[in-house]
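Reviewing the structure listed below.
The values are calculated or read from the model by the stated rules, or taken from the named source; none is laboratory data. Here the structure is a predicted model, which is why all the values come from computation and not from measurement. Cβ sites come from the backbone with ideal geometry, for glycine too, and all protein chains shown count toward neighbours. These area figures cover heavy atoms from the full protein model, side chains too; ligands, DNA and RNA do not enter into them. Shrake-Rupley method; radii C 1.70, N 1.55, O 1.52, S 1.80 Å.
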Amino acid sequence: MVDIVIIGAGVIGSFVARSLSKYQLSICVTDRHIDAAMGASGANSGIIHAGYDAIPGTLKAKFNIEGSDMMEKTCEELNVPYKKTGSLVIAFNDEEISKIQEMYDHGTKEGIRDMSLISKEQVLTLEPNLSPEIKGALLAKTAAIVSPYKLNINALENAVRNGVEFLREHTVLGIKKEKEVFSVITDKGTLTCRMVINCAGLYADEIARMVGDDSFKIIPRSGEYILLDKSEGTLVNHVVFQAPTMEGKGVLITSTVDGNLLIGPDAKEIKDKDERDTHRSSIDYVYKKGLQTTDKLLLHKSVTIFTGVRATPDKGDFIIEESRYCKGFINVAGIESPGLSSAPAIGNHVALIVKSIIGDISEKENYSMTLEKKKYFSEMNEEEKKEAILKNPLYGKIICRCESVTEGEIIDSIHQKAGAVTIDGVKRRTRAGMGRCQGGFCLPHVMDILSRELKVDKDKIQKGDEGSYILTGRTRQ
Amino acid sequence: MIYHELIIIGGGPAGMAAAVTARERGISDLLIIERENMLGGILKQCIHNGFGLHYFSEELTGSEYAAKFVDKIDELKISYKLNTMVLSVDGNKMVYTSNEEDGYVIYKAKAIILAMGCRERPRGNLRIPGSNPSGVLTAGTAQRFVNIDGYLPGTSCVILGSGDIGLIMARRLTLEGVKVKAVCEIMPHPGGLVRNIEQCLNDYDIPLKLSHTVFSIHGKKRVEGVTIAMVDEHFNIIENTKEYIACDTLLLSVGLIPENELTFAMGAKIDSVTNGAFVNQNLETSVEGVFSCGNVLHVHDLVDYVTLEGIKAAEHAVEHIKNNALKTIRRVTVVAAAGIRYVMPQYIDITEEEEVVRVYFRSRKVFKEVSTFASCDDVWISKRRHLRLLPAEMEFIEVNTNDIKDDTVYIGVDA
Ligand SMILES: Cc1cc2nc3c(=O)[nH]c(=O)nc-3n(C[C@H](O)[C@H](O)[C@H](O)COP(=O)(O)OP(=O)(O)OC[C@H]3O[C@@H](n4cnc5c(N)ncnc54)[C@H](O)[C@@H]3O)c2cc1C
Ligand SMILES: Cc1cc2nc3c(=O)[nH]c(=O)nc-3n(C[C@H](O)[C@H](O)[C@H](O)COP(=O)(O)OP(=O)(O)OC[C@H]3O[C@@H](n4cnc5c(N)ncnc54)[C@H](O)[C@@H]3O)c2cc1C
């Protein structure tokens with residue numbers, strides 16, 4: 001029996017866990033996947049929105065603005081790459097000019113700082129590579145970019161170090177409530193608890209239905225992206241959005257915190273919540289739309305293409321409250337964009353809800369809201385490199401040549417509390433395999449390290465979830 | 001900081017040949033830096049025959065070919081650092097390295113030979129749509145799993161691309177009991193050597209589907225199949241030719257990309273067609289005293305040519321170290337003209353001495369019974385007959401520097 005079961009180890013479940021981890025509560029986080037950040041939190045635009053797009057008065061607006069204000073410090077605490085690049089929403093015609101004016105008005109009403117409407121000349125001075133067809137733009141200096149999966153993984157790591165338990169590959173199949181006790185039935189056994197927090201992303205509606213809450217529905221909407229090589233990462237300095245029109249939201253172009261260039265996403269309703277396919281038609285669309293912003297996009301510099309799926313609520317706004325149909329069951333659902341930006345604020349808010357239900361809970365004696373400072377080897381200066389290798393010679397051994405990731409860093413990523421157990425897990429934590437050769441070189445080496453450190457045979461190593469094995473047995477000789 | 005007269009980056013066949021030559025020509029203070037735990041480069045995993053026919057006049061496996069050079073290096077007591085990654089090189093010929101034993105070490109050299117080889121083009125660069133399961137890997141990575149680690153990457157596979165590594169893996173996997181269902185090649189002609197098509201596909205009845213590509217990948221966790229389709233002359237998918245093939249592995253053999261991150265960071269000019277450095281006939285890059293050879297310069301079909309290039313780079317690096325290099329009077333640009341995809345060298349430096357320069361090239365498509373020419377100011381200065389020209393096979397034409405009157409030489413096919 002624990003106090004709280006959190007369903008879902010996405011960025012939302014992880015920040016809820018982190019905010020609650022300082023209290024004297026026993027908590028477990030379950031996820032159907034083998035690792036954190038394998039849902040929407042692992043595949044999105046990675047943008048901390050300034051907060052002007054949401055309609056004033058909505059939860060989206062509230063938590064976005066609060067979250068965006070907290071984000072720089074949170075990333076500092078959690079050792080997550082963060083860059084305040086600012087954003088531009090560009091307009092090509094009068095309709096779009098009035099749209100950005102409207103966004104500006106929303107933003108001012110919400111008290112967002114450092115926003116301005118700027119002229120074509122000002123846009124082109126800030127961003128010389130953009131199309132000369134641009135008429136003007138909304139500049140928001142507080143917008144930023146982060147590494148979304150690092151934010152997710154490190155928030156969970158922090159929570160686990162404070163005593164939260166992380167149960168991988170535990171799919172919640174049903175929930176029963178008798179008297180005041182919940183039984184959360186998973187494919188690996190039943191967990192009993194006093195409260196359940198539903199952070200199940202795309203599946204949040206199905207989880208809510210397990211306790212008789214049929215009040216909302218989640219519609220899966222996919223978005224596809226093209227990621228270009230680091231050689232293209234300096235094409236734009238800001239996050240550059242197109243103004244939303246009747247046709248849709250338009251695609252954005254941004255550099256990533258690691259220096260690549262990201263173009264996307266499109267938006268398409270899909271049927272299967274587990275599908276992550278990319279499509280020729282979507283990728284072509286994203287590229288064509290991107291070309292309207294700048295004609296300098298070089299498709300042959302692509303490193304990868306990928307899809308993320310939004311958990312769009314049928315009611316439009318985030319749902320963050322104790323269910324009206326079941327006491328002790330909190331929905332944190334319909335967290336589509338700007339969910340990433342809102343995550344730290346949502347985490348704190350849910351902690352308040354929990355307190356309001358349970359009553360006063362005291363803080364633990366020992367807890368910390370920070371992880372130790374750690375730089376990627378590739379970002380260290382000469383002195384830091386020397387020192388790191390002196391401390392641990394394995395920091396001298398480069399495993400991923402494209403991103404200069406060392407064996408020391410990979411071993412650390414495996415042995416941290418909520419550590420990596422798969423190739424993709426190592427990749428999200430260290431960047432090994434994320435560079436231009438996409439693991440062609442380091443895959444066999446990372447497999448050797450995983451196999452040695454986890455003490456499992458090499459042909460048991462997986463890319464991700466069970467079934468994604470890489471090798472199928474020994475050769476004949 | 002540690003000084004050496006010559007530093008060679010990469011201990012594959014190009015780097016090893018360069019090292020042996022430099023030592024034989026009197027350079028005693030030289031160092032090879034290699035990031036893997038053994039010398040040999042890509043040859044370590046090439047356990048098939050077909051190496052050395054030109055250079056050693058005997059047929060060897062890749063590993064045997066490499067062993068001959070490793071022995072020579074040991075015999076000549078040439079020093080090398082293994083498990084050592086060169087992180088960067090700058091225009092002052094400072095070489096920044098890291099390894100487990102020595103830590104972070106900076107070297108400086110009078111001359112540098114770049115011999116870093118190449119990497120394989122991954123799925124993301126081709127943007128093959130579909131799901132993202134395990135079981136999609138490059139042919140070279142698969143070759144490493146099979147030949148070095150002793151593991152199989154799957155039980156049934158489709159290979160995309162008919163480059164040599166893919167062809168060799170088709171045979172290797174077939175011999176290991178893996179069912180190779182098809183090799184798809186988007187071009188109307190094969191990418192690999194003719195002998196490999198014969199010995200690796202035809203001998204085992206593996207279908208080669210020309211003008212075909214993989215349209216989409218299926219399977220959520222592990223590859224379950226691929227949809228292939230035919231393409232038209234503009235490489236657009238022909239809708240009614242889609243065909244599903246069940247398999248658990250997709251191997252990619254869709255091109256090699258020279259690993260020129262170091263070259264680029266150093267400030268040397270890079271050729272956007274070869275993805276290698278711009279060099280003159282002495283294989284010197286645009287940074288004085290820095291030479292490039294082997295697959296890092298341009299992708300070769302045969303290791304024998306890689307060796308010859310390594311030797312040549314070393315000969316000129318030695319001249320540079322001994323301050324014997326001839327003074328350049330003027331620099332001429334070599335340009336790929338009609339029917340030619342790329343040329344190497346891209347510059348010819350004219351000195352006081354007359355010289356016959358070999359310009360290597362690849363054709364854009366298949367030609368039969370044609371001539372290639374070198375022209376200057378609209379006048380042919382050289383010509384060569386070819387029974388056939390294949391994009392997959394490197395060719396050359398020779399040019400006498402005394403005939404070069406202009407500052408551009410064009411190499412073309414006389415169609
Ligand atoms: C294309 C796209 C672009 C976006 N761009 C941005 C952006 O730029 N800025 C921004 O602020 N936001 C953005 N977002 C939104 C943001 O990514 C999400 O709001 C956020 O990641 C949601 O986090 P989550 O934890 O709710 O969901 P998820 O990360 O999906 O986590 C839910 C977790 O629940 C688990 N789960 C589900 N069912 C079960 C079960 N039965 N048992 C156990 N576990 C279960 C899943 O495995 C999953 O790990 C974007 C989203 C998408 C899709
Ligand atoms: C699968 C396959 C099959 C082939 N079959 C044949 C055949 O049948 N017959 C034939 O004649 N040829 C064949 N070849 C071609 C031949 O093997 C290659 O052309 C040759 O190996 C290229 O030599 P290289 O020295 O330029 O590069 P490589 O062999 O790739 O060597 C480069 C070396 O540099 C090292 N290096 C790179 N970057 C760094 C760095 N930053 N720091 C330190 N070290 C670094 C690498 O680890 C590597 O060892 C084949 C090639 C392959 C891949």
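For the reader, a short list of remarks on this structure follows.
- Residue satisfying condition, being closer than 17 Å to B:His320 by Cβ, out of contact with any Lys or Arg (no Cβ under 8 Å at 6 or more places or on another chain) and part of a helix (DSSP H, G or I), within set B:Ala14, B:Ala22: B:Ala22
- Residue count, region A:439-476 (criterion: of a type in the set (D, E, K, R), open to solvent by 20 Å² or more (accessible area, probe 1.4 Å), facing chain B (nearest Cβ under 7 Å) and not in a loop (DSSP other than H, G, I, E, B)): 2
- Take the conditions (1) within 16 Å of ligand 2 (Cβ to nearest atom); (2) not in a helix (DSSP H, G or I); B:His189 misses just one of them, which is (1).
- Candidates A:Ile218, A:Ile207, A:Ile270, A:Ile263 - the one that is of a type outside the set (Phe, Trp, Tyr), within 14 Å of chain B (Cβ to nearest Cβ) and buried (at least 21 other Cβ atoms within 10 Å of the Cβ): A:Ile263
- Here A:Lys373 passes the criteria (1) within 29 Å of A:Asp448 (Cα to Cα); (2) at pLDDT 95 or above; (3) away from every other protein chain (no Cβ under 14 Å) except the one numbered (2).
Listed here are the residues, each with its yes/no results for (1) over 19 Å from B:Val194 (Cβ atoms); (2) in contact (Cβ under 8 Å) with a residue 24 or more places away in the chain; (3) assigned by TED's automatic domain parsing to the domain that holds B:Val273.
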site: B:Ile348; (1), (2), (3): yes, yes, no
site: B:Phe361; (1), (2), (3): no, yes, no
site: B:Ser375; (1), (2), (3): yes, yes, no
site: B:Arg384; (1), (2), (3): yes, no, no
site: B:Leu389; (1), (2), (3): no, yes, no
site: B:Ile397; (1), (2), (3): yes, yes, no
site: B:Asp414; (1), (2), (3): yes, yes, no
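- Among the candidates B:Ile113, B:Ile73, B:Ile47, residue that is part of a loop (DSSP other than H, G, I, E, B) and either touching a residue at least 12 places away in the same chain (Cβ under 8 Å) or more than 10 Å from chain A (Cβ to nearest Cβ) (or both): B:Ile47
- The requirement of being assigned by TED's automatic domain parsing to the domain that holds A:Cys442, surrounded by fewer than 22 Cβ atoms within 10 Å (Cβ to Cβ) and not in a loop (DSSP other than H, G, I, E, B) is not satisfied by A:Glu409.
- Subset of region B:226-244 (residues that are within 31 Å of the chain's Cα centre (by Cα) and open to solvent by less than 80 Å² (accessible area, probe 1.4 Å)): B:Val226, B:Thr227, B:Ile228, B:Ala229, B:Met230, B:Val231, B:Asp232, B:Ile237
- When region A:273-311 is filtered for residues that are open to solvent by 50 Å² or more (accessible area, probe 1.4 Å) and more than 11 Å from chain B (Cβ to nearest Cβ), the ones remaining, listed by number, are A:Tyr285, A:Lys288, A:Leu291, A:Gln292, A:Asp295, A:Lys296, A:Arg310.
- B:Ile165 vs. criteria part of a helix (DSSP H, G or I), away from ligand 2 (no atom under 11 Å from the Cβ) and open to solvent by 10 Å² or more (accessible area, probe 1.4 Å): no
- Test: residue in region B:144-151 that is more than 10 Å from chain A (Cβ to nearest Cβ) and in contact with a Leu (Cβ under 7 Å, 6 or more places away or on another chain): no
- Of the helices (runs of 4 or more DSSP H) lying entirely inside region A:1-111, those containing at least 3 residues that are within 13 Å of ligand 1 (Cβ to nearest atom), away from chain B (no Cβ under 14 Å) and surrounded by fewer than 24 Cβ atoms within 10 Å (Cβ to Cβ) span A:59-78.
- Counting the residues of region B:319-333 that are crowded, with 19+ Cβ neighbours inside 10 Å and touching a Ser or Thr at 6+ places or on another chain (Cβ under 8 Å) gives 1.
- Residue within region A:426-435 that is out of contact with any helix residue (DSSP H, G or I) (no Cβ under 6 Å at 6 or more places or on another chain), more than 8 Å from chain B (Cβ to nearest Cβ) and farther than 16 Å from B:Arg35 by Cβ present: yes
- Taken across region B:203-221, residues that are touching a residue at least 40 places away in the same chain (Cβ under 8 Å), among the hydrophobic types (A, V, I, L, M, F, W, C) and at the interface with chain A (Cβ under 9 Å from one of its Cβ atoms) do occur, with at least one present.
- Selected residue (criterion: nearest to ligand 1 (Cβ to nearest atom)) from residues of region B:23-41 that are more than 22 Å from the chain's Cα centre (by Cα) and open to solvent by less than 20 Å² (accessible area, probe 1.4 Å): B:Leu31
- Against the numbered list (1) of a type in the set (A, V, I, L, M); (2) farther than 30 Å from B:Ile197 by Cα; (3) modelled with pLDDT under 95, B:Val335 comes up short only at (3).
- Qualifying residues in region A:163-174 (those that are touching a Ser or Thr at 6+ places or on another chain (Cβ under 7 Å) and more than 11 Å from ligand 1 (Cβ to nearest atom)) - the one least open to solvent (accessible area, probe 1.4 Å): A:Val164
- Condition met for B:Tyr96 (in a strand (DSSP E or B), closer than 29 Å to A:His445 by Cβ, within 14 Å of chain A (Cβ to nearest Cβ) and touching a Gly at 6+ places or on another chain (Cβ under 8 Å)): no
- Check on A:Gly419, more than 24 Å from B:Cys118 (Cα to Cα) and at the interface with another protein chain (Cβ under 7 Å from one of its Cβ atoms): no
- Of all residues making up region B:77-86, the number that are open to solvent by 40 Å² or more (accessible area, probe 1.4 Å) and in a strand (DSSP E or B): 3
- Scanning region B:87-110 turns up one or more residues that are touching a residue at least 40 places away in the same chain (Cβ under 8 Å), within 14 Å of ligand 2 (Cβ to nearest atom) and within 21 Å of A:Met434 (Cβ to Cβ).
- Subset tally (residues that are within 16 Å of ligand 2 (Cβ to nearest atom) and open to solvent by 10 Å² or more (accessible area, probe 1.4 Å)) for region B:261-270: 6
- Scanning region B:76-93 for residues that are among the basic types (Lys, Arg) and within 14 Å of chain A (Cβ to nearest Cβ) yields a single hit, B:Lys81.
- Residue satisfying all of: in region A:384-401; charged (D, E, K, R) and at the interface with chain B (Cβ under 7 Å from one of its Cβ atoms); surrounded by the fewest Cβ atoms within 10 Å (Cβ to Cβ) among these: A:Lys386
- Residues in region B:346-368 that are open to solvent by 20 Å² or more (accessible area, probe 1.4 Å), in a strand (DSSP E or B) and in contact with a Leu (Cβ under 8 Å, 6 or more places away or on another chain): B:Phe367, B:Lys368.
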